[in-house]
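Some notes on the structure that comes next.
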Amino acid sequence: MSNLNCRVAVITGAASGIGRGLAEHAARLGLRLVLGDVDARRLADLAAELGGQGAEVAWLPTDVSHPEQLDALRDLALERFGGVDLLFNNAGVMQTGLCWEIEAAKWQRMLDINLNGVLNGIRSFVPLLLQQNRPAHVINTASLAGLINSPLMGPYNVSKQAVVAISETLHYELAMLGAQVGVSVLCPGPVASSIMTSNRTTGAADAPLEAVLDSSIREGMSPLQLAELVFAAVEDKRFWILPHKFFKPALQSRLQSILDETNPIFQMAQENSHAAR
């Protein structure tokens, strides 16, 4: 999209990590912001900080697992700014553990936030984006876990691969309609964030992985650096946004295994973890 200045960006999961980086970079570009996050205090602090820097910010505590709360965020965007140009379906949480030991409620929590949060965003906002009859873009945050699998991350793998699937489907559908709405799926590796605080450890099996992930994320790409790459990709109308390149040999090996119909073999990517975002 050209001329991002004065356009409106809606960002879920905006109060920390990737979402905060997106919000800060968007504010620097002069976009008007509509921010949602389940953490009302941190969200209010961010809105006040960006507002103090001159950004136009509307915000609303938002649990993306509830469709009506995404509707309310959309209505806020319409009320304050008259429309939406960029939709970042970004909110997400982490869960590790052996897939058969993770309780049903924890599986459901992952699906409700990581997958249904994106679906709720699509249902709430895409009809509006189409009705506006002008260029717009949807960016869904998945993960490298949306492309390659790791043990002890079943719910995360499943939810993020579903995000990739719905993003590609949405891309095809909007292209079929000749719509002016583009789609991107963001599949980052480690990005400095607090996502591991959302992990609900299930047992001893995932403790070593949790330590590796926590270390990898702490040393990951800065959210602001990631945001710059994301906005550049949106400008270029690229569907695949792959900020980390080290995972590609593992992805190529997996795809070759599928084509050759051979049993998969887990390959740890060269950086400590390929699945964290």
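Things worth noting here:
- The residues of segment 222-269 that are within 22 Å of the chain's Cα centre (by Cα), assigned to a loop (DSSP other than H, G, I, E, B) and either closer than 15 Å to S143 by Cα or not small (G, A, S) (or both), listed by number, are D236, K237, R238, F239, L242, P243, H244, K245, F246, F247, A269.
- Qualifying residue in segment 160-178 (condition: in contact with a helix residue (DSSP H, G or I) (Cβ under 8 Å, 6 or more places away or on another chain), under 27 Å from A15 (Cα atoms) and either at pLDDT below 90 or not in a helix (DSSP H, G or I) (or both)): no
- As a summary of the residue check, A26 satisfies the conditions (1) free of Cβ contacts under 8 Å to residues at least 40 places away in the same chain; (2) among the hydrophobic types (A, V, I, L, M, F, W, C); (3) in contact with a strand residue (DSSP E or B) (Cβ under 6 Å, 6 or more places away or on another chain); (4) closer than 16 Å to P223 by Cα except for the one numbered (1).
- When G54 is tested against (1) within 24 Å of V181 (Cα to Cα); (2) outside any helix (DSSP H, G or I), exactly one condition is not met: (1).
- Selection from segment 75-93 of residues that are assigned to a loop (DSSP other than H, G, I, E, B), surrounded by 18 or more Cβ atoms within 10 Å (Cβ to Cβ) and in contact with a strand residue (DSSP E or B) (Cβ under 8 Å, 6 or more places away or on another chain): V84, D85, N90, A91, G92
- Cβ-Cβ under 9 Å pairs, at least 6 apart or on other chains, segment 79-97 side touching a residue at least 40 places away in the same chain (Cβ under 8 Å), far side buried (at least 24 other Cβ atoms within 10 Å of the Cβ) and among the aromatic types (F, W, Y): G92/Y156; V93/Y156; M94/Y156; Q95/Y156; T96/Y156
Here is a yes/no grid of residues against (1) over 18 Å from E168 (Cβ atoms); (2) surrounded by fewer than 23 Cβ atoms within 10 Å (Cβ to Cβ); (3) modelled with pLDDT of 95 or more; (4) touching a strand residue (DSSP E or B) at 6+ places or on another chain (Cβ under 6 Å):
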site	(1), (2), (3), (4)
L98	yes, yes, yes, no
N114	no, no, yes, no
L119	no, yes, yes, no
I122	no, yes, yes, no
P127	yes, yes, yes, no
Q131	yes, yes, yes, no
I139	no, no, yes, yes
S143	no, no, yes, no
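- Members of segment 29-50 that are in a helix (DSSP H, G or I) and either surrounded by 15 or more Cβ atoms within 10 Å (Cβ to Cβ) or at pLDDT below 95 (or both): R42, L43, A44, L46, A47, E49, L50
The values are calculated or read from the model by the stated rules, or taken from the named source; none is laboratory data. This one's a predicted model, so the numbers in the text were calculated from it and none came from an experiment. No Cβ is skipped: glycine too gets one built from the backbone with ideal geometry, and neighbour counts run over all protein chains shown.
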